[in-house]
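Below you'll find the structure, written out as structure tokens, and then a few comments.
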Amino acid sequence: MIRSFYGIAENPFSTRHIKLLPQQQEINDTLQVHCQQGGLCLVLGIPGTGKSVIKESLVQTADKRQIVAPVARTLHTYTNTIKILCEAFKIDFEGTPFRCERRLIEEAFNNNRIGKTIITIIDDAHLMDMETLRKLRLLFEDFPKNHNLILIGQPALLSNLALTVNQDIKSRVTYSVITKRLNPDDMQAFVLAELDRLGLGHNTFTQAALDLVVRSADGVLRKTRNLCLACMLEAVRTTDKTIDIENVNRVLIQPHWRKEVDITDF
């Protein structure tokens, strides 16, 4: 609907096409470096601060010398997680977990012999059972050293790792970072850069509307994306291609955008 109304070829504000911001690019580059020596890396942050964008960048920019295996279904048991990893590495996952582990290790060394590095990404790692994570850590101990295990999650993961019982995992962390909220200038630059990518003019959002979007999103990248998309849908509904402050306000009155909602309103 938005593409037809604005005459654009691609979906706006898609995580698959967002250019990394300076903060995210620095994290991405550091994670790549840790692949060369072997690492256990933590990328933590509150929801919506760009962790998924970094993950997508690692997946999409992987070259012929890299194999990226993302795991997003972190509530599974260890056995199912192993099968998901086998699927990501494109190897047979039939049989016992022990056989699957052996195939994964063999595949890792096969790739090491031909000069490929391996990046395993576990998203929403704060939801994973710590015993499952411990078993995975023991598995990856047998991988060649040009392998990087990246755990992406919320800061609660760091609190769990700080417990004495989990020191065996925390002591192996080679890099950790907390993604921060964006400052207003970076958020505005993000919106304008996305308009440039789509071939839309900067006047698609009036300056007042853009300022309100930046203030309302409170430095959270996901909120910025969702608010801009909602404003564009509102513009489609009103058949006005210029998004002004009234369009933004009509979106912001929706209950999920309001900090305090009186249940008696419903």
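With Cα atoms defining each centre, segment 1-50 and segment 129-170 are spaced 23 Å apart in the structure. Applied to segment 245-258, the Karplus parametrisation 6.51 cos²θ - 1.76 cosθ + 1.60 on θ = phi - 60° returns per-residue 3J(HN,Hα) values of 5, 5, 4, 5, 5, 5, 6, 5, 7, 5, x, 6, 8, 8 Hz, with x for Gly and Pro. For segment 67-178, the relative contact order works out to 28 percent when only alpha carbon pairs closer than 8 Å and six or more residues apart are counted. Bridging of LYS64 to aspartates and glutamates at a Cα separation below 18 Å is possible for ASP29, GLU56, GLU107, once same-chain residues fewer than 8 apart are set aside. Dividing the mean sequence gap of close Cα pairs (under 8 Å, 6+ apart) by how many residues segment 163-232 holds gives a relative contact order of 35 percent.
Per residue, the solvent-accessible area of segment 5-65 (1.4 Å probe, heavy atoms of protein chains only, all protein chains present) comes to 48 Å².
Modelled this way, with points 7 Å down the Cα-to-C-beta line, the labels at LEU192 and LYS180 are 2.1 nm from one another.
With respect to the chain, whose longest principal axis is taken over its alpha-carbon atoms, helix 22-37 is tilted by about 10°. Any chance you could give the angle, 0 to 90 degrees and rounded to 10, that helix 97-113 forms with the longest Cα principal axis of the chain? Between the helix axis and the principal axis of the chain, the angle is about 80 degrees. Using R0 = 22 Å, the C-beta based FRET efficiency linking LYS241 and ASP218 works out to 0.25. Nearest 10 degrees, 0 to 90: what angle lies between the long axis of helix 78-88 and the longest principal axis of the chain (Cα atoms)? Compared with the principal axis, the helix lies near 70 degrees. Filter the cross-link list LYS90/LYS116; LYS145/LYS170; LYS55/LYS180; LYS51/LYS241; LYS19/LYS51 down to pairs whose alpha-carbon distance in this structure exceeds 21 Å. In this structure, LYS51/LYS241 lie more than 21 Å apart at Cα. Report note on the peptides 3-9, 214-220, 96-102: ranked by the mean count of other C-beta atoms within 10 Å, highest first, their order is 214-220, 96-102, 3-9. Expressed per residue, the C-alpha convex hull volume of the chain stands at 164 Å³.
Across the chain, Cα pairs under 8 Å and at least six residues apart give a relative contact order of 25 percent. A simple spin-label model places pseudo-atoms 7 Å from Cα toward Cβ; at GLU10 and ASN80 they are separated by 3.4 nm.
With bins 5 Å wide beginning at 0, the percent of Cα pairs of segment 71-139 falling in each bin runs 3, 16, 28, 26, 17, 8, 1. The figure for ASP168 is an accessible area of roughly 40 square angstrom, using a 1.4 Å probe on the protein chains alone. Taking label positions 7 Å along the Cα-Cβ direction at both ARG137 and ILE46, the computed distance is 2.8 nm, reported to one decimal.
The values are calculated or read from the model by the stated rules, or taken from the named source; none is laboratory data. This structure is a prediction, so every number in the text was calculated from the model and none was measured. Because the Cβ atoms are built from the backbone with ideal geometry, glycine has one as well, and the counts that use them run over all protein chains shown. These area figures cover heavy atoms from the full protein model, side chains too; ligands, DNA and RNA do not enter into them. Shrake-Rupley method; radii C 1.70, N 1.55, O 1.52, S 1.80 Å.
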